[in-house]
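The block underneath contains the structure these notes are about, expressed in structure tokens.
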Amino acid sequence: MNAPLSPPAALEASAPTAEEAIRSRRSVRAFLPTPVPDEILARILELGARAPSGSNIQPWQVAVLRGEPLAALTRELHALSLAGDPGREDYAYYPRQWREPYLGRRRKVGWDLYGTLGIAKRDIERMRQQHARNFLFFDAPVGLVFTIDRDLERGSWLDYGMFLQNIMIAARSFGLDTCPQAAFNTYGAVIARRLAIPDTQMVVCGMALGYADATAPENRLETERESLEGFVRFVDTLA
């Protein structure tokens, strides 16, 4: 008789294909309190680190928050957000001047999300409360804070994006979901102080990780993607 599979092995037996993991990845904004086993979390981060980087410099650093440290930091950041503290960005994530097609896409996903939650367009207070939930990691049992050395250049940021994507796809292979969150850049100074992050590093983003709450209406949001014709051009001849 075969020995029973350990939890990680059991998950691997039914793990999605790479295509299934990519297609099922979404930004989850409501999580169950179910803890993530340490072994699975470690394996996800190890898989993330298989991302390519120029000259293999591996520019990523990660702080993993769970339990009371997670609760204490999220309480502080959530309170700052609700109090209207704007914080200060270490880098500009969005364009300084919005234009099409990006403005239209941004507006659509925002209104689609608010629509799932029954938030009307003029309900500024509920919008503010929903945005503040970012700083609770949407109640996920694991909050990840990503930092990078300040003196690294754009190429390392490209590498960092591949690292983050690896983590999100690896999480799907273990039945977990994620939400990458640039909002944490706003309170980078507070996070750095509370997590003893050196001045030579800056916060890139946060990421909620855990088991999705399937009953939450916001988790039923399916974002649209542009068709291939909208962003791909097959080159047959050169100019």
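With r defined as the distance between the Cβ atoms of L32 and S55 and R0 fixed at 41 Å, what FRET efficiency is calculated, to the nearest 0.05?
For R0 = 41 Å, the calculated efficiency reads 0.50.
Grab the Cα-Cα distance for Q165 and D199, subtract it from 0.36 nm times how many residues apart they are, and report the gain in nm with one decimal. Display every interim value, and only then the final one.
Details: separation 34, 0.36 × 34 = 12.24 nm, distance 2.60 nm.
Computed gain between Q165 and D199 is 9.6 nm.
Check Q61: other-chain or 5+ apart residues with amide H under 5 Å from its amide H, H built from backbone geometry?
It is T147, by chain and number.
Report E224's accessible area, 1.4 Å probe, all protein chains in place, as a number in Å² to the nearest 10.
The accessible area of E224 comes to roughly 130 Å².
Calculate, in nm to one decimal, what A92 and W111 gain on full extension: separation in residues at 0.36 nm each, minus their alpha carbon distance.
Residue separation times 0.36 nm, minus the Cα-Cα distance, leaves 4.6 nm.
Would you kindly calculate the translational diffusion coefficient of the chain, applying Stokes-Einstein with the Kirkwood radius from alpha carbon pairs, for 4 °C and a viscosity of 1.567 mPa s, and quote it in µm² s⁻¹ without decimals?
The estimated diffusion coefficient comes to 66 µm²/s.
In debye to the nearest 20, how big a dipole does the stretch 1-141 give about its Cα centre with +1 on each Lys and Arg Cβ and -1 on each Asp and Glu Cβ?
It comes to approximately 820 debye.
So with the 1.4 Å probe, I'd like the accessible area per residue for the chain, rounded to whole Å².
About 61 Å² of surface per residue is accessible.
Might you report the magnitude of the Cβ-based charge dipole of the chain about its Cα centre, with Lys and Arg at +1 and Asp and Glu at -1, to the nearest 20 debye?
With only Lys, Arg, Asp and Glu charged at Cβ, the dipole is about 700 debye.
Using a Förster distance of 35 Å, how high is the FRET efficiency between A18 and V62, based on the Cβ-Cβ distance and rounded to 0.05?
Values: r = 23 Å, r/R0 = 0.65.
It comes out at approximately 0.95.
Of all accessible surface on the chain at a 1.4 Å probe, what whole percent is carbon and sulfur?
54
Please list T178, T200 in order of solvent-accessible area, largest first, computed with a 1.4 Å probe with all protein chains present.
T200, T178
Sort R150, R25, R225 by accessible area with a 1.4 Å probe, largest first.
Heavy-atom accessible area, descending, gives R225, R150, R25.
On the full set of protein chains, 1.4 Å probe, figure out the accessible area of I22 and give it in Å² to the nearest 10.
In the full protein context, I22 sits at about 100 Å².
The values are calculated or read from the model by the stated rules, or taken from the named source; none is laboratory data. This one's a predicted model, so the numbers in the text were calculated from it and none came from an experiment. Neighbour counts run over all protein chains shown; Cβ positions are idealised from the backbone, glycine included. SASA here: full protein model, heavy atoms, side chains in, ligands and nucleic acids out. Shrake-Rupley method; radii C 1.70, N 1.55, O 1.52, S 1.80 Å.
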